[in-house]
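*Asks:* The structure is given below, and queries will be raised subsequently.
The values are calculated or read from the model by the stated rules, or taken from the named source; none is laboratory data. Note that the structure is a prediction, hence the values are computed from the model and not measured. Using ideal geometry, Cβ is built from the backbone for each residue, glycine included, and neighbour counts are taken over all protein chains shown.
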């Protein structure tokens, strides 16, 4: 057996993220005498057992617990307030799945780092197991998708019926936060929580319109991504889903075939030309007025490629002086001169 974990219980594929708290509840719920911890129980289980025994004694004991161990007190409050204020729990768990440092999570939620550490150890122990993809999907992501949803057993095609308080009737919030946080990381998690990107600040009044346009676009993308993960497929919308999928395939193949018809050389030249700052006509004349390049552009001479490259880099080769003095005589002037010579 690999020595990845010192506790053999951690190899259990059916282990739940709140396995420590489950152990604590089993100990304190024994009657008439609470169960004792064993040498297999780590310090977190032992401290949590003592906390819960005092918590169950009443309000006076709970006030003392806040002063003695505020981190554990607030972690327990976040866990028990699921049906009253679930958003804090959802955000905390999503940021843990995104593998954010606990100090950063505490700063985002305006709490103590010890609160995040205790919550992770007791109620959402996922940090050591993030690499176990299937375990995360089975015991974290999938339960979040149907925790607040139930189906009518009498109607197989009935839409999901939310249950709970109005604040909890948002299964997409818990589900999508966890999915996007785990697979997308901290930056995407932060965006999914707020719907806005940090640091994208409007610098002046001229940027307001473009800022709002960009926010409108990313908001639609966010809502669309959330909806895709939770909408139900049934006999009424399955054909529309097929048609949408077929259209996506058609567009993708069209783009791929168009790209294949272009040679590698054509693609590279096209990319290079698209990066050149083209200036022609009056705008070009105004931009290069008074420069060596502008003088040559209005003269009768044409420089070669080597001279053009040197001038583009800021140098003026000596040969340009001779070239710029050249002129082109018109055909009429030439015929007049020939007549005079005769």
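*Asks:* Quick check: is even one residue across the range 54-71 within 26 Å of residue 131 (Cα to Cα) and surrounded by fewer than 12 Cβ atoms within 10 Å (Cβ to Cβ)? First the steps, then the outcome.
*Replies:* Step one: filter the range 54-71 for residues within 26 Å of residue 131 (Cα to Cα), giving none.
So far as the range 54-71 goes, no, none of its residues is within 26 Å of residue 131 (Cα to Cα) and surrounded by fewer than 12 Cβ atoms within 10 Å (Cβ to Cβ).
*Asks:* Name the residues in the range 25-51 that are in contact (Cβ under 8 Å) with a residue 12 or more places away in the chain, in a helix (DSSP H, G or I) and within 39 Å of the chain's Cα centre (by Cα), would you? Walk me through how you get there before you give the answer.
*Replies:* Just the residues of the range 25-51 that are in contact (Cβ under 8 Å) with a residue 12 or more places away in the chain, to begin with: 25, 27-28, 34, 37, 40-42, 44-45, 47-49, 51.
With the extra rule that they be in a helix (DSSP H, G or I), the set shrinks to 25, 27-28, 44-45, 47-49, 51.
Those that are in contact (Cβ under 8 Å) with a residue 12 or more places away in the chain, in a helix (DSSP H, G or I) and within 39 Å of the chain's Cα centre (by Cα): 25, 44, 45, 47, 48, 49, 51.
*Asks:* Next question. With respect to residue 17, determine if the residue is surrounded by 11 or more Cβ atoms within 10 Å (Cβ to Cβ) and in the same structural domain as residue 136 (by TED's automatic domain parsing). Let's see the steps before the verdict.
*Replies:* Values: surrounded by 11 or more Cβ atoms within 10 Å (Cβ to Cβ): yes; in the same structural domain as residue 136 (by TED's automatic domain parsing): yes.
Criteria met by residue 17.
*Asks:* Residue by residue through the range 192-214, note down the ones that are in a helix (DSSP H, G or I) and out of contact with any helix residue (DSSP H, G or I) (no Cβ under 7 Å at 6 or more places or on another chain). Outline the logic, then answer.
*Replies:* Let us first name the residues in the range 192-214 that are in a helix (DSSP H, G or I), namely 192-194, 205-214.
Across the range 192-214, the qualifying residues are 194, 205, 206, 207, 208, 209, 210, 211, 212, 213, 214.
*Asks:* Check whether at least one residue in the range 163-179 is touching a strand residue (DSSP E or B) at 6+ places or on another chain (Cβ under 7 Å), at pLDDT below 90 and more than 23 Å from residue 16 (Cβ to Cβ), and report yes or no. Spell out the reasoning first.
*Replies:* Filtering the range 163-179 for residues touching a strand residue (DSSP E or B) at 6+ places or on another chain (Cβ under 7 Å) gives 163, 169, 171.
Among the residues that remain, those that are also at pLDDT below 90 are: 163, 169, 171.
Among the residues that remain, those that are also more than 23 Å from residue 16 (Cβ to Cβ) are: 169.
Yes, some residue in the range 163-179 is touching a strand residue (DSSP E or B) at 6+ places or on another chain (Cβ under 7 Å), at pLDDT below 90 and more than 23 Å from residue 16 (Cβ to Cβ).
*Asks:* Does residue 6 satisfy the condition of being modelled with pLDDT under 90, closer than 21 Å to residue 124 by Cβ, loosely packed, with under 10 Cβ neighbours inside 10 Å and out of contact with any strand residue (DSSP E or B) (no Cβ under 9 Å at 6 or more places or on another chain)? Before the answer, list the steps.
*Replies:* On the way: modelled with pLDDT under 90: yes; closer than 21 Å to residue 124 by Cβ: yes; loosely packed, with under 10 Cβ neighbours inside 10 Å: yes; out of contact with any strand residue (DSSP E or B) (no Cβ under 9 Å at 6 or more places or on another chain): yes.
The answer is yes for residue 6.
*Asks:* Inside the range 52-130, counting only helices (runs of 4 or more DSSP H) that do not spill past its ends, which hold 2 or more residues that are in contact (Cβ under 8 Å) with a residue 12 or more places away in the chain? Walk me through it before giving the result.
*Replies:* On the way: elements: 59-68, 70-80, 86-97, 102-109, 113-122.
By residue number, 70-80, 86-97, 102-109, 113-122.
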